[in-house]
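Structure, as structure tokens:
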């Protein structure tokens, strides 16, 4: 596994920050000029793009921050796994990545190039979402299946699911799966126009929640079949995955939460687990009025009594296309260390649900963790990771 | 493996079944812009707010989606759906200096907007995914459909590919040297011998399942690779045919993605050298233009050619055959993303 987020540049740093209930979301923002700098809190990765370029020894022109974050996380995952360069290049190794922003973080360059105001910047080939994985494909000389998925905020959960399906269906022996997204003037203004950005730190599942905070980051995981592990370290088993559509509204969830309900239920079916076997849910929990109410309701529909749950959006913000992968890493950390992490900034339960998330770091037995990701277009996905 | 039961397409050309098949529409201002139907199935209030790729995608899919026999999920490939709305929103950001902006363009700018809209309009709560991997976005959607059907053999899915020529995306690709700089008639596209392709747009939609009744075509195999090495691509095709072509059968039609770009032509010629003498070679990009998901229209043409004759102007090489049962599609996007698809009709 590899991860980079507002609370750390590695799995170890993220783990420590989760245990310490570190909030990486703040109004200190210096990534690019925007009128919202200092006014809205963001989960900025505290490494400048220049430093990322240097650390990762990227000298080629046209590489975006979105790609650099992905490369950073993928380098860590590959080193952690101990997979050989030959295996990475094997036609049986798939690379499935997700993102929603691509090179749109380069607002000024894109504006000029798209409106024919220049002779062309270095980034002409870097704006679309595919550019991230095309870079990684070339960098690591990957010859297996390569794909980019965009289902908005559930993108990287679907990337993980697609990787697992490739292995199950014999199209890959191993799958490198994950997602990335970086903060962009584009998404800041987009979510702001929808009036769902909180001017304070987000408070997932709290009665007084005022919206989400945007964050950035990347995570990659390496999936291998049980029979191919050959003594390598194993963190967890991906036992369940499912995707369903809420079919209600382009940018909000239905009151009944059919999409979230169906994706959670579908993942349980694939895992062949009854709902009571889930010990912990890493909730989507963005901190918006709509998401948290609907997700709570869907959990209450599916579970007699919802298990312990928490959202890590208070720690890192909503990292959009990266969130499914980052939160998969966090879910797996819960399994490996038999512990759960605090849902930050929560005060009072939503009266209609009465649900209280995990409020402080604690050790507890965790055998199965469910991780939820919901996005625009009604895209709902749930994953289940199990202890090995 | 999957079976294709229904197809629909929107492109600059008319549906072969309805039109004079020898007639082809020509580019205007170096673009082969799709001719859109009336979209009677899209509610007018929703239609008004849709960008062109969304209209084409939704408009090509709805005629295939029946209320009495709904599909179990929607699997879409689109490299740039939402791109036009994305830059429109970006222009708002710059123009109004991040002031009070309307979110309409932003909501429609997400890559999964077509599959999302289709889910919404048809109230389809099943599997819903959008693949956006440039020149292999549609191919990954095909692979996804195959895998979903392996797991759920009684299901059916809507599978599609769609992309538009958005004005902003056109500017970016033109600056990058993707398109032909000179005006070229699509009637002499393959003789151009210059770098760049003629840009097109369109949508092709399919209803697919694992059931062999009432099918138009059987898609037996698909393979993809990223490479700039011609010999490797050739080797890959050899392997693909060895693995997937049933003993005793032969490819009788090679549907080539050749697009008049002299930078990718060597790949197509290299693949042609592996074909038997009695394999017809047919091209379609003078009809559709090229774009990341043009191969979806390629698959649509393959389905047509299993049912009816091939227009004369599409042949690169003719054989004595007049009907075809095994079609090999090869597509190459920007000299890097390659796909092979095998389609057949059993009778």
For a quick check of your reading: which helices (runs of 4 or more DSSP H) sit entirely within region B:92-166 and have at least 3 residues that are more than 9 Å from chain A (Cβ to nearest Cβ) and under 29 Å from residue A:125 (Cβ atoms)? B:137-151
Taking the condition surrounded by fewer than 21 Cβ atoms within 10 Å (Cβ to Cβ) and either in the same structural domain as residue B:149 (by TED's automatic domain parsing) or in contact (Cβ under 8 Å) with a residue 24 or more places away in the chain (or both), does residue B:166 pass? no
I need the full set of residues from region B:179-225 which are in contact with a helix residue (DSSP H, G or I) (Cβ under 7 Å, 6 or more places away or on another chain) and in a loop (DSSP other than H, G, I, E, B), in order please. B:198, B:210, B:216
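Residues are listed down the side, and each one gets a yes or a no for (1) within 18 Å of the chain's Cα centre (by Cα); (2) at pLDDT 95 or above; (3) surrounded by 17 or more Cβ atoms within 10 Å (Cβ to Cβ):
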| site | (1), (2), (3) |
| --- | --- |
| B:275 | no, yes, yes |
| B:285 | yes, yes, yes |
| B:290 | yes, yes, yes |
| B:309 | no, no, no |
| B:329 | yes, yes, yes |
| B:333 | yes, yes, yes |
| B:337 | yes, yes, yes |
| B:342 | yes, yes, yes |
Checked region A:346-384 for anything under 15 Å from the mean Cα position of the chain (by Cα) and closer than 14 Å to residue A:264 by Cα; matches are A:370, A:371, A:372, A:373, A:374, A:379, A:380, A:381, A:382, A:383, A:384
Qualifying positions in region A:266-289 - within 21 Å of the chain's Cα centre (by Cα) and either without any contact (Cβ under 8 Å) to a residue 60 or more places away in the chain or in a strand (DSSP E or B) (or both): A:280, A:281, A:282
Take residue A:166 and tell me if it is in contact with a helix residue (DSSP H, G or I) (Cβ under 9 Å, 6 or more places away or on another chain), outside any loop (DSSP other than H, G, I, E, B) and either within 12 Å of chain B (Cβ to nearest Cβ) or farther than 25 Å from residue A:357 by Cα (or both). yes
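Each row is one residue, and each column tells you yes or no for (1) outside any strand (DSSP E or B); (2) within 9 Å of another protein chain (Cβ to nearest Cβ).
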| position | (1), (2) |
| --- | --- |
| A:91 | yes, yes |
| A:94 | no, no |
| A:101 | yes, no |
| A:110 | yes, yes |
| A:121 | yes, yes |
| A:126 | yes, no |
| A:131 | yes, yes |
| A:138 | yes, yes |
| A:142 | yes, yes |
Residue count for region B:229-250, restricted to those that are free of Cβ contacts under 8 Å to residues at least 60 places away in the same chain and under 24 Å from residue B:333 (Cα atoms): 10
Would you tally the residues in region A:300-317 being surrounded by 24 or more Cβ atoms within 10 Å (Cβ to Cβ) and in contact with a strand residue (DSSP E or B) (Cβ under 7 Å, 6 or more places away or on another chain)? 6
Being away from every other protein chain (no Cβ under 14 Å) and surrounded by 16 or more Cβ atoms within 10 Å (Cβ to Cβ) is true for just one of A:191, A:205, A:186. Which residue is that? A:205
Identify, from the list A:359, A:344, the residue that is under 12 Å from residue A:205 (Cα atoms) and free of Cβ contacts under 8 Å to residues at least 60 places away in the same chain. A:359
Of the conditions (1) within 12 Å of chain A (Cβ to nearest Cβ); (2) touching a helix residue (DSSP H, G or I) at 6+ places or on another chain (Cβ under 7 Å); (3) assigned to a loop (DSSP other than H, G, I, E, B); (4) buried (at least 19 other Cβ atoms within 10 Å of the Cβ), residue B:54 satisfies every one except a single condition; which number is it? (3)
Those residues of region A:136-155 which are farther than 18 Å from residue A:187 by Cβ and within 20 Å of the chain's Cα centre (by Cα), in sequence order: A:136, A:146, A:147
Those residues that are part of a helix (DSSP H, G or I) and more than 15 Å from the chain's Cα centre (by Cα), I need them from region A:43-66; list them, please. A:49, A:50, A:51, A:52, A:53, A:54, A:55, A:65
Suppose we keep only residues that are within 14 Å of chain B (Cβ to nearest Cβ) and farther than 23 Å from residue A:339 by Cβ within region A:266-289. Which one would you say is surrounded by the most Cβ atoms within 10 Å (Cβ to Cβ)? A:288
Go through (1) within 14 Å of another protein chain (Cβ to nearest Cβ); (2) surrounded by fewer than 20 Cβ atoms within 10 Å (Cβ to Cβ); (3) not in a loop (DSSP other than H, G, I, E, B) for residue A:227 and report which single condition fails. (1)
Residues in region B:79-89: is at least one at pLDDT 95 or above and either part of a loop (DSSP other than H, G, I, E, B) or more than 9 Å from chain A (Cβ to nearest Cβ) (or both)? yes
Sort through A:325, A:342 and tell me the only one that's in a helix (DSSP H, G or I) and within 27 Å of residue A:220 (Cβ to Cβ). A:325
Mind checking which residues of region A:241-265 are facing another protein chain (nearest Cβ under 9 Å) and assigned to a helix (DSSP H, G or I)? A:258, A:259, A:262
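The values are calculated or read from the model by the stated rules, or taken from the named source; none is laboratory data. Every value quoted in this text rests on a predicted model; they were computed, and no experiment measured them. Glycine also receives a Cβ, built like all others from the backbone with ideal geometry; neighbour counts cover every protein chain displayed.
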